[in-house]
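Notes follow once the structure below has been shown.
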Amino acid sequence: MKIVSVELFATQLPLIRPFIVAYDEFRELPSIIVKLTTDTGLVGYGEGMPDPHVTGETFHSTYEMLAKDIAPLVIGKNPFHIENIHRLMAEAVCYAPSAKAAIDIACYDLMGKAAGQPVYNLLGGKAHDFLTMPFVVSILPPEEMARQAAQAVQDGYTCIKIKVGDDPAVDVKRISAVREAIGANIQLRVDANQGWRNVATTMRVLKQVEDCQLDWIEQPVLADDIIGLAEVRQKTFIPVMIDEGLHGDKEMREVIVRQAADLINIKLMKCGGLYPALKLVAQAEMAGMGCQVGSMVESCVATAAGAGRRGG
Ligand code: MG
């Protein structure tokens with residue numbers, strides 16, 4: 001089986017409501033869909049969802065890089081030879097993880113279709129009967145975040161994730177207000193998206209929300225400050241998750257050596273797809289760290305791929 005054509009579709013999907021985090025506000029979803037066709041007539045779909053603040057790629061750069069530099073590499077290749085395809089992509093361009101993820105996901109789609117199996121059966125088999133997904137609340141005034149979180153619980157969610165990080169003093173109020181609104185039995189996770197920047201600010205906030213029963217605090221300090229993250233972890237009993245600071249193996253090695261996190265947030269768009277994600281999972285398991293599979297706010301194509309990883 002050989003890949004004989006690659007087609008790219010640049011799409012801008014509108015969001016029902018804006019997604020607001022510490023570093024940006026998203027009103028639409030700029031996504032690159034990849035369609036691979038094989039000589040056996042199979043069609044595989046992938047998606048690249050770049051985030052300039054996190055992956056260093058833009059919508060336009062990702063499209064151009066895929067069209068001119070990466071997509072031509074997979075013509076004539078067998079999608080099952082995924083290690084080789086990643087090696088070729090790495091030799092052509094370093095980083096560019098969401099462009100590579102788009103190709104990787106489309107290759108796995110082809111593998112599943114060729115094997116007549118759901119992709120999770122190629123990744124270790126079905127490991128969960130159901131997946132837990134939090135309701136994510138954007139950065140808004142504390143009372144509005146509390147209202148949305150309470151509504152989500154009424155709608156049946158058992159886990160809430162809130163975005164904070166634009167103002168430490170208001171963030172304390174946000175976290176307290178949401179916990180009060182959802183009661184003690186609902187899981188609550190907090191993502192600062194680097195907004196508290198340093199250890200001192202992070203600890204000032206965390207000290208004030210110690211009684212809010214947080215599942216974990218995600219990426220409180222700047223992405224490249226893995227030493228700072230390790231210091232936060234030593235100073236708080238709240239579990240610490242790394243997100244923007246962890247892309248691939250290079251950062252994972254440092255996170256493990258410095259024992260900088262309890263948990264890692266794997267995103268296919270940060271690490272380059274399902275194949276690199278499997279390697280991160282194996283390393284996390286060896287280091288005794290927990291994982292979650294997050295997303296960049298993606299369409300159904302990449303979201304399904306992330307769920308496939310969760311299933312595996
Ligand atoms: Mg995050």
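The values are calculated or read from the model by the stated rules, or taken from the named source; none is laboratory data. This one's a predicted model, so the numbers in the text were calculated from it and none came from an experiment. Using ideal geometry, Cβ is built from the backbone for each residue, glycine included, and neighbour counts are taken over all protein chains shown.
Out of all the residues in the range 15-50, which are buried (at least 22 other Cβ atoms within 10 Å of the Cβ) and part of a loop (DSSP other than H, G, I, E, B)?
Result: MET49, PRO50.
Out of the residues in the range 14-29 that are aliphatic (A, V, I, L, M) and within 16 Å of the ligand (Cβ to nearest atom), state the one that is nearest to the chain's Cα centre (by Cα).
VAL21
Given the conditions (1) part of a helix (DSSP H, G or I); (2) over 24 Å from VAL297 (Cβ atoms); (3) out of contact with any helix residue (DSSP H, G or I) (no Cβ under 6 Å at 6 or more places or on another chain), which single one is not true for ALA102?
Result: ALA102 passes all but (2).
Out of contact with any Gly (no Cβ under 6 Å at 6 or more places or on another chain), away from the ligand (no atom under 16 Å from the Cβ), at pLDDT 90 or above and closer than 18 Å to LYS270 by Cα: does that describe GLU57?
In short, yes.
Being touching a strand residue (DSSP E or B) at 6+ places or on another chain (Cβ under 7 Å) and among the acidic types (Asp, Glu) narrows it down to one of GLU64, GLU47, GLU57, so name that one.
Being touching a strand residue (DSSP E or B) at 6+ places or on another chain (Cβ under 7 Å) and among the acidic types (Asp, Glu) holds for just one of GLU64, GLU47, GLU57, which is GLU47.
Can you tell me which residue within the range 126-154, out of those that are assigned to a loop (DSSP other than H, G, I, E, B) and in contact with a strand residue (DSSP E or B) (Cβ under 8 Å, 6 or more places away or on another chain), is surrounded by the most Cβ atoms within 10 Å (Cβ to Cβ)?
Applying the filter and picking the extreme gives ILE139.
Read through the list (1) in a loop (DSSP other than H, G, I, E, B); (2) surrounded by fewer than 17 Cβ atoms within 10 Å (Cβ to Cβ), then give the number of the only condition that ASN78 fails.
For ASN78, the exception is condition (2).
Restricting to the range 113-147, what's the tally of residues that are without any contact (Cβ under 8 Å) to a residue 12 or more places away in the chain and small (Gly, Ala, Ser)?
Here the count works out to 2.
Report yes if LEU66 is in a strand (DSSP E or B), more than 17 Å from the chain's Cα centre (by Cα) and surrounded by 13 or more Cβ atoms within 10 Å (Cβ to Cβ), otherwise no.
No, not satisfied.
Hey, among GLY290, GLY306, which residue is within 16 Å of the ligand (Cβ to nearest atom), crowded, with 19+ Cβ neighbours inside 10 Å and under 22 Å from ASP191 (Cβ atoms)?
Unique residue meeting the criteria: GLY306.
If only one of VAL301, VAL297 is part of a helix (DSSP H, G or I) and either under 22 Å from GLY48 (Cα atoms) or aliphatic (A, V, I, L, M) (or both), which one is it?
Just a single option satisfies the conditions, and that option is VAL301.
Answer yes or no: is there a residue in the range 130-141 that is under 26 Å from LYS235 (Cα atoms), within 16 Å of the ligand (Cβ to nearest atom) and polar (S, T, N, Q).
no
Do you know which of the residues in the range 155-179 that are outside any strand (DSSP E or B) and in contact (Cβ under 8 Å) with a residue 40 or more places away in the chain is surrounded by the most Cβ atoms within 10 Å (Cβ to Cβ)?
Across the range 155-179, the extreme among qualifying residues is VAL164.
Kindly evaluate GLU57 against the criterion of being acidic (Asp, Glu), part of a loop (DSSP other than H, G, I, E, B) and crowded, with 22+ Cβ neighbours inside 10 Å.
yes
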